[in-house]
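The values are calculated or read from the model by the stated rules, or taken from the named source; none is laboratory data. Please read all numbers here as calculations on a predicted model, not as lab measurements. All Cβ positions, even for glycine, are placed from backbone atoms using ideal geometry, and neighbour counts span all protein chains on display. Quick note on the areas: whole protein, heavy atoms, side chains included, nothing else; ligands and nucleic acids left out. Shrake-Rupley method; radii C 1.70, N 1.55, O 1.52, S 1.80 Å.
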Amino acid sequence: MNVVSVCRDGALAYPAPHDHSPPEPFPESPFPGAPPGGNRVYALVRRALQASGADAGRFGTPAWNPLGEWILPGQRVFVLPNLVVERRPGEPEADFRGKCTHGSVLRAVLDYAALAAGGAERVRFGNASLQSCDYASVAAETGAAAVGAFWAEHDGDRGPLDLRATVTRWTRFGALLERRTRHPEDVVHVDLGADSLLDELYRGGPAPEFRVGDYDHREMAEYHAPGRHVYAVHRAVLEADAIVSVPKLKTHEKVGITCALKGTVGAIARKECLAHHRKGGAGQGGDEYPGGTPVHLLASEMADRVTTMDAGVGANLVRVASKGLYRALRVGPGIMAGGWHGNDTAWRMALDIARILRFARADGTLASTPQRTHLVLVDGIVGGEAEGPVYPRGNPCGAVVFGSDPVWADVACARVMGFDPAAIPLVARALDPLPYPATELREGDVHVMVDGSPAGLEDLNRVLERGFVPPKGWKGHVEAGRLGTAAID
């Protein structure tokens, strides 16, 4: 069964981070003796799974197992939320809630994954946040830590796992305090070779200069070259037989939206392999910014320079100056760091990773057939609009989206947000017949449900009272209707 199920309760809000248990003892609960809590979001997730039609004949009984359609008993499951970064000083709580997956959603997904796999001991969860993220803080603020503590009490430590192999600490002004490497043995290198979508950029022009913020660009060159495109995936993800992504319903300045497909970046242990943009402006063979002035070029050169420096006082003075100039160029309508619709790099990287998670074996080699199932439950109780993924504005939606396929879940999410999926290369190109395809499904293969009633994909644009505000670099390019109704098939 291939399905997208959208359910909404506009009056719903997140409970406190520690209050993640369901509001009543549902008969199928994997923890039947646990006392109920105040997590009404759990009931909405349950309703979305019921509305999908999964295991419909046993709903309301202890045997109901909605994810058993896709996850078999004995399989290992990795649940991948979006814990991008902790709440920054002065950030409104509503905006933070639009940035990271909440524990109320995560708890429900983990419970149903455990039911399908045959026990909580077969399920793990975590992600790779920004390198500068205080992981303990974001886990506490979202409720992921409280969920992990509950599971540890009942069935051992299952997460949240910090999947990062490189962690840094910075001052608020941009000075580097520390960079350390952790658990290199957990990194599995997967090479897509000439089948990487980045490899297209080497054909017919000068070699691209890939960049990712705050990492030495010389390290990036070790991962990407003509015919060689290596991604450093965390071993825990590749050892799973099934992945359940639990992303936010959120915009992304570099790729348009960050739901299931872009969320796979959370499986990457070493961010040095992530090509976020190409150095320079559109007229200089890059996609770091549109157009460009000598000041833009100076900012780009300074950013390159500081990533090769150590953490000394002199180097940090240059870092602070570089960060200040970069921020100044992003004020108002300004664009830097590939944060616009002309970024032709980041979507390729994200789609590469989604394909890897589907086809890579645990040892990093690529199989000719899919190696794991990838399900999606999108947290849109509070979505993130405008300047996501790090600086979104909270958009209370009261919605969740369940999808049995990450590509079609993202098609659905784009429409729910009021965007045209054909205008988002990450989503549109995911439907191409690629080597190691992200999906083989077409529109006619997917059953769409809205609050339990059959619907068409075009109906999803009307689920919310209003659409999402796109990032400033995407305004006028991604809104549904502005670009027509190009086919997404």
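Here is how the numbers come out for the structure above:
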item: Matching residues, region 421-439, being touching a helix residue (DSSP H, G or I) at 6+ places or on another chain (Cβ under 8 Å), open to solvent by 10 Å² or more (accessible area, probe 1.4 Å) and more than 21 Å from P370 (Cα to Cα); result: A422, P425
item: Residue within region 443-454 that is in a loop (DSSP other than H, G, I, E, B), over 22 Å from H374 (Cα atoms) and among the acidic types (D, E) present; result: yes
item: Qualifying residue in region 453-476 (condition: of a type in the set (S, T, N, Q), open to solvent by 40 Å² or more (accessible area, probe 1.4 Å) and more than 14 Å from A260 (Cβ to Cβ)); result: yes
item: Among (1) assigned to a strand (DSSP E or B); (2) touching a Leu at 6+ places or on another chain (Cβ under 9 Å), the one test that T264 misses; result: (1)
item: Restricting region 375-396 to residues that are surrounded by fewer than 23 Cβ atoms within 10 Å (Cβ to Cβ) and aliphatic (A, V, I, L, M), the residue that is farthest from G467 (Cα to Cα); result: V390
item: Unmet criterion (only one of (1) within 25 Å of V138 (Cα to Cα); (2) in a helix (DSSP H, G or I)) for I356; result: (1)
item: Options E69, E121: the member that is of a type in the set (D, E, K, R) and touching a residue at least 40 places away in the same chain (Cβ under 8 Å); result: E69
item: Of all residues in region 185-213 being in a loop (DSSP other than H, G, I, E, B) and under 30 Å from Y326 (Cβ atoms), the one that is modelled with the lowest pLDDT; result: G205
item: V84 being crowded, with 22+ Cβ neighbours inside 10 Å and either without any contact (Cβ under 8 Å) to a residue 12 or more places away in the chain or within 23 Å of G38 (Cα to Cα) (or both); result: no
item: Unique match (being under 21 Å from T251 (Cα atoms) and either aliphatic (A, V, I, L, M) or in contact with a strand residue (DSSP E or B) (Cβ under 6 Å, 6 or more places away or on another chain) (or both)) among A362, A350, A315; result: A350
item: Test: residue in region 96-118 that is surrounded by fewer than 24 Cβ atoms within 10 Å (Cβ to Cβ), in contact with a strand residue (DSSP E or B) (Cβ under 9 Å, 6 or more places away or on another chain) and farther than 30 Å from A63 by Cβ; result: yes
item: For Y42: the one exception among (1) closer than 17 Å to V400 by Cα; (2) in contact with a strand residue (DSSP E or B) (Cβ under 6 Å, 6 or more places away or on another chain); result: (2)
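Residue-wise test of (1) on the phi > 0 side of the Ramachandran plot; (2) in contact (Cβ under 8 Å) with a residue 12 or more places away in the chain; (3) not small (G, A, S).
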residue	(1), (2), (3)
R182	no, yes, yes
G193	yes, yes, no
G204	yes, no, no
E209	no, yes, yes
D214	yes, yes, yes
A236	no, yes, no
H252	no, yes, yes
T258	no, yes, yes
G263	no, yes, no
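A quick yes/no check of all residues on (1) charged (D, E, K, R); (2) closer than 28 Å to G205 by Cβ; (3) surrounded by fewer than 19 Cβ atoms within 10 Å (Cβ to Cβ):
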{"residue": "G291", "(1), (2), (3)": "no, yes, yes"}
{"residue": "P294", "(1), (2), (3)": "no, yes, yes"}
{"residue": "L297", "(1), (2), (3)": "no, yes, yes"}
{"residue": "V318", "(1), (2), (3)": "no, no, yes"}
{"residue": "G332", "(1), (2), (3)": "no, no, yes"}
{"residue": "T345", "(1), (2), (3)": "no, yes, no"}
